[in-house]
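Notes to accompany the following structure.
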């Protein structure tokens, strides 16, 4: 095994910052970076060997490969994480402009919503994954939330309550139960899970997450985060009375003052229901 690949793998094992998905992605990116450094001629490196010249050469390579701004920024974030863990923060510039990287365009007003269909569910053979997907679509849950949730505990009649230990960033939240479909899905989830979560008794969260990912991949059910986009756009229409910009509705700048107020209040509501702390983030889901 290459020295640097092994060293970075051990560094990740010793420092388990962030969610399981974040740790997994960081480990994968750092392994790729180790391979690329060797291809660039930097051999026999260890975890303490990182220098500014290595970062510069990597960024030059990524730009030459035509990688997106977002991808390069994400890889730089993992390089900065590596540098921080070995107390060499200065080897990677804190400002992305130092590397000539432009601003990432998050809001495109192109819908990323994804509707969960009966055809999708028919291809899922694991009952736990099937219920998790239905909860995602009905309540705009994140993937991890839809697996960790204990439906019986979460059901408060007219509200779905999420514990802080289930959510990203540890922010507990409440989501209104507004329609018959949500009530039907939640009741079925409660009947299925009993007093437990949507993690089988013989599996850990990580094991069930991997099974969820495998099931979706095998069934061709991709972009499951699109269920949150669909939820947000549906809520936007309910709260405002018109379609979201990403779904073909008017843009914020086109609205008269009274409707801009309604738009703003709707975004605040959707932000809380999705588990974000800023209304501006909702533009990623509904457009602007």
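One residue stands out among those in region 215-247 that are part of a loop (DSSP other than H, G, I, E, B) and modelled with pLDDT of 95 or more: the one that is surrounded by the most Cβ atoms within 10 Å (Cβ to Cβ), which is 244. Scanning region 15-41 for residues that are out of contact with any helix residue (DSSP H, G or I) (no Cβ under 8 Å at 6 or more places or on another chain) and surrounded by fewer than 13 Cβ atoms within 10 Å (Cβ to Cβ) returns 28, 39, 41. None of 157, 196, 169 is on the phi > 0 side of the Ramachandran plot and either outside any helix (DSSP H, G or I) or in contact with a helix residue (DSSP H, G or I) (Cβ under 9 Å, 6 or more places away or on another chain) (or both) except 157. Scan region 248-288 for residues that are assigned to a loop (DSSP other than H, G, I, E, B), within 25 Å of residue 182 (Cβ to Cβ) and within 20 Å of the chain's Cα centre (by Cα) and the total you get is 4. For residue 61, the stated conditions hold: it is over 25 Å from residue 144 (Cα atoms) and touching a helix residue (DSSP H, G or I) at 6+ places or on another chain (Cβ under 8 Å).
Contact annotation: residue pairs with Cβ atoms under 7 Å, 6 or more positions apart or on different chains, pairing a residue in region 112-125 that is within 25 Å of residue 248 (Cα to Cα) with a partner that is surrounded by fewer than 16 Cβ atoms within 10 Å (Cβ to Cβ) and modelled with pLDDT under 95, are 114/223.
What's the number of the condition residue 174 fails, among (1) surrounded by 15 or more Cβ atoms within 10 Å (Cβ to Cβ); (2) part of a strand (DSSP E or B)? Going through the list (1) surrounded by 15 or more Cβ atoms within 10 Å (Cβ to Cβ); (2) part of a strand (DSSP E or B), residue 174 breaks only (1). In region 109-129, the count of residues that are surrounded by fewer than 17 Cβ atoms within 10 Å (Cβ to Cβ), farther than 30 Å from residue 188 by Cβ and in contact with a helix residue (DSSP H, G or I) (Cβ under 8 Å, 6 or more places away or on another chain) is one or more.
Every residue in region 154-180 that is under 18 Å from residue 208 (Cβ atoms), at pLDDT 95 or above and in contact with a strand residue (DSSP E or B) (Cβ under 8 Å, 6 or more places away or on another chain), please. Answer for region 154-180, where residues must be under 18 Å from residue 208 (Cβ atoms), at pLDDT 95 or above and in contact with a strand residue (DSSP E or B) (Cβ under 8 Å, 6 or more places away or on another chain): 154, 162. Screening residue 149 on (1) surrounded by 18 or more Cβ atoms within 10 Å (Cβ to Cβ); (2) closer than 22 Å to residue 229 by Cα; (3) more than 19 Å from the chain's Cα centre (by Cα) shows it passes everything except condition (3). Between 183, 195, the distinction of being surrounded by 12 or more Cβ atoms within 10 Å (Cβ to Cβ) and out of contact with any strand residue (DSSP E or B) (no Cβ under 6 Å at 6 or more places or on another chain) belongs to 183 only.
The values are calculated or read from the model by the stated rules, or taken from the named source; none is laboratory data. As the structure is a computational prediction, the values presented were derived from the model and not from experiment. Cβ sites come from the backbone with ideal geometry, for glycine too, and all protein chains shown count toward neighbours.
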